[in-house]
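Below is one structure; the comments refer to it alone.
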Amino acid sequence: MADEVAHRHVFFVHADSGVHRLAPECKLVATVLFVFAVVATPRAAVWAFVADGLILVLIAVTARVPLGRWVRRLVIEVPFLAFAVFLPLVGGGPFVQVGFLSLSEPGLWGAWNIVVKGTLGVAATSLLTATTTVPELLHALERLRVPRPVVGIAGFMVRYGEVLADDLRRMRIARQSRGDDPRWLWQVMGIARTAGTLFVRAYERGERVYIAMLARGYGLGPDRPATAGADAAPARRAWVAALTAPVAAGLICAVAVRAAA
């Protein structure tokens, strides 16, 4: 099952590099710390964000992740950052005149802050998923002592995400075969019905899976380890290699904070 999930993991880039061979828990911790360092960086320190971006590019090149494929993954953040466009229009003064538009200067800084930090965070996470399979990430969560129910929920999300995606694809084909055209506003009701039906199906499937788990003794007695065998802890040099990027980002953040003080 683990090999099947890893093979079907669409974000993973099959390559042989030092980044791929690092222990998954090291990469997971390093990614979280790097994102924290980026978030703590003052928004006016443009040079700091450029330096953080260069660090990610260097990691991508070292990991042999195609830069074009990596950049295309950043499109996933566009819906979440769309509201940042409105901040310069609704913010308070002082204002900056850009053509025929009067834009709020605090709003511009706020939009920049959201966009640059969100982009760097998504880019770092994309590198993590490009060099680490889903089973490895779940194993890393276990090694980092994340509560077992949380790891179990994450595992079920991965396993049944594709099932729900297939259900949604079949329902969309069924709508279109009956003349549905989602481009028209008055046909939005069909999309709403599809969403409701998909929710009900997912809920019912979850109930059936949980009942089947209980029938097989889930929750009775001590939990068995989720992975067979006792893996050795990552070597110290693995931690040093993985933490190089977040330490560099932390130093950049510290310099930027001191310069802004």
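The values are calculated or read from the model by the stated rules, or taken from the named source; none is laboratory data. These numbers come from a predicted model, not from an experiment. Ideal geometry is used to build each Cβ from the backbone, glycine not excepted, and the neighbour counts take in all protein chains shown. Note: areas computed on protein heavy atoms with side chains; ligands, DNA, RNA excluded. Shrake-Rupley method; radii C 1.70, N 1.55, O 1.52, S 1.80 Å.
A compact table of results
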read-out: Amide H partners (placed H, <5 Å) of Phe95, local residues excluded; value: Glu105
read-out: Longest DSSP-loop-exposure-free segment, chymotrypsin sites (Phe, Trp or Tyr not before Pro), the chain, at most 14 other Cβ within 10 Å; value: 1-99
read-out: GNM flexibility winner over the chain from Gly190, Gly152, Gly53 (Cα, springs under 10 Å); value: Gly190
read-out: Where Ile173, Ile153 fall by accessible area, highest first, once all protein chains stay in place (1.4 Å); value: Ile153, Ile173
read-out: Residues Phe11 and Phe156, FRET efficiency given R0 of 22 Å [Cβ-Cβ distance, rounded to 0.05]; value: 0.75
read-out: With every protein chain in place, the chain: carbon and sulfur % of accessible area (1.4 Å); value: 69 percent
read-out: Projected label distance in nm at Val200 and Thr244, using a 7 Å step from Cα toward the beta-carbon; value: 5.6 nm
read-out: Overall form of the chain per C-alpha gyration tensor (a/c, 1.5; a/b vs b/c); value: oblate
read-out: Residue-span extension gain [Leu81 to Phe36] - 0.36 nm each, minus C-alpha spacing; value: 14.3 nm
read-out: Span-like helix ranges in the chain, DSSP H, alpha carbon extent 18 angstrom or more, Kyte mean at least 1.0; value: 24-40, 46-62, 244-260
read-out: With DNA, RNA and ligands ignored, accessible area of Leu120 (1.4 Å probe; Å², nearest 10); value: 20 Å²
read-out: Amide N proximity, segment 106-124 versus Val257 label position 7 Å along Cα-to-Cβ, cut-off under 18 Å; value: 117
read-out: Residue of Ile55, Ile76, Ile114 that the Gaussian network model of the chain assigns the largest fluctuation, springs spanning Cα pairs under 10 Å; value: Ile76
read-out: The chain - percent relative contact order, Cα under 8 Å, separation 6 or more; value: 33 percent
read-out: With all protein chains modelled, accessible area of Asp16 [1.4 Å, Å²]; value: 100 Å²
read-out: Spacing of the two label points (7 Å from each Cα toward its C-beta) at Tyr210 and Glu105, in nm; value: 5.5 nm
read-out: Heavy atoms of Leu58 accessible to a 1.4 Å probe, total area in Å² rounded to 10; value: 120 Å²
read-out: Simple spin-label estimate for Ile173 and Arg148 in nanometres, 7 Å along Cα-Cβ; value: 4.0 nm
read-out: Potential extension, Phe95-Val163 segment - 0.36 nm per residue separation minus Cα distance; value: 19.5 nm
